[in-house]
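Engineer: Sharing a structure below in structure tokens format, with a few things to ask.
The values are calculated or read from the model by the stated rules, or taken from the named source; none is laboratory data. In this text, all values refer to a predicted model and were calculated from it rather than measured experimentally. With ideal geometry, Cβ positions are generated from the backbone for all residues, glycine too; neighbour counts draw on all protein chains shown.
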């Protein structure tokens, strides 16, 4: 894996950093920058090193203990440095949502990519076809219709290649996203793959994350995952995986890894061995909102809980009313599609001590402003810093091209780059 360090510099293009001239990321730690000392330009999104390492240990340890593989969804971070860490921790592959993302991961040096989507455009398929000539690289994508398979086969036939494209049959739920809904769609899609000259069936895939977490939702997830497992069993018994060394059985795994473990660990009766692959992406940073509510680690699973690793920091720039303060971060800096940021810390002007921000609520965002409501026991002054937790890492990373990594004392020790 390469981290693209040779191409990466920190300069005036990267918000949050107090530099204008080119600086190599290798020299960041030598600058002795500290967020609480005011060395960074606010607003700034930071990654906490200790929390990231903890989350890698928890999730990869869980997968290893269960005998699962993990192909983290790279769309969350689009960061070569983070993806490199995930491979070093034992990732089997990296997951992409689009061919454009897959191209980026290929440049990162990823040895195996699972495109968790159907691919039907000629340009994207032509690129995939070219990759099939590299014996040291493996790529997968999804299929859920006979027509989609026929389009793929036609485009692939126009480019010389040394091996067929491995595809996973995708199953879906009613009112969900992509994926076959019934036996007729499954049969017609599989038949089209078997007729094709340039595709081979390599497994079955599903995304259970579209189902909401509640008691009824868990029952629906269980039923859906049972269907996925049974479909793979039937297809294997019919000899449809005879051209691959193992059957890939893949699910999302962010909110329901315990249910995947329960339903995919049933007795496999096929002759071809299976590889169970989870595709969670947000685990490495977790959050203070969506995934703090949904994650089973430390609750439904008897493991350590994941730790939020992302924080957005802003300065109090105005106190126009008694119970109102304005911070200098907004929609261009932080995720807001699921929840607004959650206040965590107050750093007062003139010292570096942290106080709890439990008495404030961020209740609205403009493009560049956060609106903060204060309770009767909380005060903020112009020049104070506020640190907040985010909800949904996927829509936080995409707003930053370079993100500082900090230690537990908020010293900047490294950076990660993103390629959205």
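Let's see how each residue does on (1) in the same structural domain as residue 146 (by TED's automatic domain parsing); (2) part of a helix (DSSP H, G or I); (3) at pLDDT 95 or above; (4) within 23 Å of the chain's Cα centre (by Cα):
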site: 202; (1), (2), (3), (4): yes, no, yes, no
site: 231; (1), (2), (3), (4): yes, yes, yes, no
site: 253; (1), (2), (3), (4): yes, no, no, yes
site: 260; (1), (2), (3), (4): yes, yes, no, yes
site: 270; (1), (2), (3), (4): yes, no, no, no
site: 275; (1), (2), (3), (4): yes, no, yes, yes
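Engineer: Turning to a different aspect of this structure: Does residue 104 meet the test of being in contact (Cβ under 8 Å) with a residue 40 or more places away in the chain, more than 30 Å from residue 342 (Cβ to Cβ), buried (at least 18 other Cβ atoms within 10 Å of the Cβ) and not assigned by TED's automatic domain parsing to the domain that holds residue 398?
Structural biologist: On the way: in contact (Cβ under 8 Å) with a residue 40 or more places away in the chain: yes; more than 30 Å from residue 342 (Cβ to Cβ): yes; buried (at least 18 other Cβ atoms within 10 Å of the Cβ): yes; not assigned by TED's automatic domain parsing to the domain that holds residue 398: yes.
The answer is yes for residue 104.
Yes/no matrix, rows are residues, columns are (1) within 30 Å of residue 115 (Cβ to Cβ); (2) modelled with pLDDT of 95 or more:
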position	(1), (2)
264	yes, no
293	yes, no
306	yes, yes
324	no, yes
341	no, yes
347	no, yes
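Engineer: Checking residue 312 against (1) more than 30 Å from residue 380 (Cα to Cα); (2) in contact (Cβ under 8 Å) with a residue 60 or more places away in the chain, which single condition isn't satisfied?
Structural biologist: (1)
Engineer: Sticking with this one: Looking at segment 21-57 only, could you name the residues that are touching a helix residue (DSSP H, G or I) at 6+ places or on another chain (Cβ under 8 Å), part of a helix (DSSP H, G or I) and surrounded by 15 or more Cβ atoms within 10 Å (Cβ to Cβ)?
Structural biologist: Within segment 21-57, 25, 52, 55, 56 qualify.
Engineer: Could you please find all residues in segment 400-419 being surrounded by fewer than 20 Cβ atoms within 10 Å (Cβ to Cβ) and over 13 Å from the mean Cα position of the chain (by Cα)?
Structural biologist: Initial filter on segment 400-419 (surrounded by fewer than 20 Cβ atoms within 10 Å (Cβ to Cβ)): 401, 407-409, 411, 413-414, 418-419.
Answer for segment 400-419, where residues must be surrounded by fewer than 20 Cβ atoms within 10 Å (Cβ to Cβ) and over 13 Å from the mean Cα position of the chain (by Cα): 401, 407, 408, 409, 411, 413, 414, 419.
Engineer: Given the conditions (1) in a loop (DSSP other than H, G, I, E, B); (2) more than 25 Å from residue 167 (Cα to Cα), and given that residue 280 satisfies all but one, which numbered condition is not satisfied?
Structural biologist: (2)
Engineer: A further question follows. Within segment 293-303, is even one residue part of a helix (DSSP H, G or I) and either in the same structural domain as residue 398 (by TED's automatic domain parsing) or surrounded by fewer than 18 Cβ atoms within 10 Å (Cβ to Cβ) (or both)? Full working, then the answer.
Structural biologist: Start the filter on segment 293-303 by keeping residues that are part of a helix (DSSP H, G or I), which leaves 293-294.
Going one step further and asking which of them are either in the same structural domain as residue 398 (by TED's automatic domain parsing) or surrounded by fewer than 18 Cβ atoms within 10 Å (Cβ to Cβ) (or both), we end up with 293-294.
Within segment 293-303 (the criterion being part of a helix (DSSP H, G or I) and either in the same structural domain as residue 398 (by TED's automatic domain parsing) or surrounded by fewer than 18 Cβ atoms within 10 Å (Cβ to Cβ) (or both)), the answer is yes, since at least one residue qualifies.
Engineer: Same structure again: Hey, can you tell me all the residues within segment 21-34 that are touching a residue at least 12 places away in the same chain (Cβ under 8 Å) and out of contact with any strand residue (DSSP E or B) (no Cβ under 6 Å at 6 or more places or on another chain)? Explain how you work it out, then say what you get.
Structural biologist: In the first step, residues of segment 21-34 are kept if they are touching a residue at least 12 places away in the same chain (Cβ under 8 Å); the result is 22-26, 28-29, 31-34.
The answer is 22, 24, 26, 31, 32.
Engineer: Which members of segment 142-181 meet the condition of being assigned to a strand (DSSP E or B), crowded, with 20+ Cβ neighbours inside 10 Å and out of contact with any helix residue (DSSP H, G or I) (no Cβ under 7 Å at 6 or more places or on another chain)? Let's see the steps before the verdict.
Structural biologist: Of segment 142-181, the ones assigned to a strand (DSSP E or B) are 142-143, 165-171, 180.
If we keep only those that are crowded, with 20+ Cβ neighbours inside 10 Å too, we end up with 142-143, 165, 167-171, 180.
Result: 142, 168, 170.
Engineer: Just a yes or no: is a residue in segment 112-131 in contact with a strand residue (DSSP E or B) (Cβ under 8 Å, 6 or more places away or on another chain), outside any helix (DSSP H, G or I) and more than 27 Å from residue 82 (Cα to Cα)?
Structural biologist: no
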